[in-house]
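Encoded as structure tokens, the structure appears first; notes follow it.
The values are calculated or read from the model by the stated rules, or taken from the named source; none is laboratory data. These numbers were taken from a predicted model, which means no experiment stands behind them. Note that we place each Cβ from the backbone using ideal geometry, even for glycine, and neighbour counts take in every protein chain shown. Note: areas computed on protein heavy atoms with side chains; ligands, DNA, RNA excluded. Shrake-Rupley method; radii C 1.70, N 1.55, O 1.52, S 1.80 Å.
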Amino acid sequence: MATSLLSLDRVNAFYGDSHVLHDVSLNLQAGRLLALLGRNGAGKTTCISSIIGFLPSRSGSIRLDGEAIQTWSPEMICRSGVGLVPQGRRVFGSLTVRENLDVAARKGDRVQSHWTRDGIYDIFPRLKERQSQQASSLSGGEQQMLAIGRALMTNPRVLLLDEPSEGLAPQLVREVGQILTMLKTQMSIVLVEQNLGLALKVADDVALLNTGRVVFAGTRDLFEQQQAELQSHLGVE
Ligand SMILES: Nc1ncnc2c1ncn2[C@@H]1O[C@H](COP(=O)(O)OP(=O)(O)OP(=O)(O)O)[C@@H](O)[C@H]1O
Ligand SMILES: [Mg+2]
């Protein structure tokens, strides 16, 4: 059986008294891309927040390489190789492009592939052209690239991306697709998406959430076979 790099086992998460994730179990295998789908409010961002430690789960376990991380701080989780591209980009607007990348750089505490600022500029030449510009003055697409670049600077082996195509023009959505295709050869990825076309193009596996519950988990092929029955759980395209 393939080993999970990242797994959630019957995770329950709450905002105050509001029970949002109900016994959520997910598996990300090494070297694969898991698309996490579901309509608005299904609990996708909450799953990501639980993984990264922003919203500690109240029960269940979250494992990275077999080690339980559900009580760890976001900083520890990030240091263990989990990178996040948050929903809505959240770049540091008052910092320049270059400063945004530099603050994320983690020096030498991991031996694997090492992303550098120049490496980021190679895949996003537009960021290089704008490296001295304040991040708040970038276009939406450029901010998304910066958010991805900033996450890569932490040298993740697991990259979590929360709706990277949200609000982008079709051409930029295609560019995000190309970047994901490239990145998935180098790391394992959880991709939250409402753009089904993009998600299914790059996904190896799919998990579908509805009101905080997993209603499908399996390979992309299996998902596509069952798509007609699952359609009601998906957002409108
Ligand atoms: N900080 C919060 N406090 C209270 N409830 C919240 C909070 N954040 C999210 N929720 C609720 O939790 C549920 C899941 O929200 P979540 O943000 O995880 O959904 P999502 O699948 O990411 O949706 P979207 O596609 O719109 O980003 C929703 O009912 C939402 O209203
Ligand atoms: Mg969300």
Assuming a strict under-24 Å limit between Cα atoms, what lysine pair count do you get for the chain once near-sequence pairs (fewer than 8 apart, same chain) are dropped? 6
Report the charge-dipole magnitude of segment 93-156 in Debye, nearest 20, computed about the Cα centre from +1 at each Lys and Arg Cβ and -1 at each Asp and Glu Cβ. 80
Tilt of helix 220-230 relative to the longest C-alpha principal axis of the chain, in degrees (0 to 90, nearest 10)? 60
On the accessible surface of segment 93-156, probed at 1.4 Å, how many percent belong to carbon and sulfur atoms? 48
Compute the long axis of helix 170-183 from its Cα atoms, compare it with the longest principal axis of the Cα atoms of the chain, and write down the angle in degrees, 0 to 90, nearest 10. 80
Fraction of antiparallel bridges per DSSP, the chain only, in percent to nearest 5: 55
Full-extension gain in nm, GLN225 to SER80, via 0.36 nm per residue minus C-alpha separation: 48.6 nm
Rounded, prolate or oblate: which fits the chain when a ≥ b ≥ c are the square roots of the eigenvalues of the alpha-carbon gyration tensor, with rounded for a/c under 1.5 and prolate only if a/b beats b/c? prolate
Semi-axes of the equivalent ellipsoid for segment 93-156, Cα gyration tensor, largest first, Å: 20, 11, 9
